[in-house]
Amino acid sequence: YGLFESLFLSQPGADWLGTAFGRLGASAMHAATAGLTSWGLMEWARERRWRRALGMYVVAVLAHATWNSAALTTGYTELLRAAATSPSTGAAVVDVAANLVLVTLSLGAVALLVFWRPSSPVASPPDPLGGVEVGAG
């Protein structure tokens, strides 16, 4: 999805570098939220920790909703600024705040992808022979 979104939803023109750079943050956010949700589902499947699965799903949805809200706010303030006859200080403040949210979420997603390790060890698969040595004897 991230590849499709980055390739086909980019804006042509002079601002393509900013758009492409912004897409990196979106891709990191999508990867981080998918990873959190997948980890929660695996915790549910392996350890029967359904609360952790639900919690990770809620965290992923809230992170994505925050990202979308900040992105929409940035877009709307840009439209308001273009439509206004005089520059608005309020729109500029909202735009800066929304961009700070996007940058913070991007950096958080990258940090999560790079540094986070699950606390529970990966369970080893069960021994199909039940402890019987092959070739003994």
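The values are calculated or read from the model by the stated rules, or taken from the named source; none is laboratory data. This is a predicted model, so every value here is computed, not measured. Side chains are part of the model used for accessible areas, which takes the heavy atoms of the whole protein and leaves out ligands, DNA and RNA. Shrake-Rupley method; radii C 1.70, N 1.55, O 1.52, S 1.80 Å.
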Stretch Trp116-Val58 to full length: gain in nm at 0.36 nm per residue minus the Cα-Cα span? 19.1 nm
In what sequence, largest accessible area first, do Trp39, Trp116 appear using a 1.4 Å probe? Trp116, Trp39
Test of understanding: what is the full-extension gain from Leu72 to Leu41, defined as 0.36 nm times their sequence separation minus their Cα-Cα distance? 8.2 nm
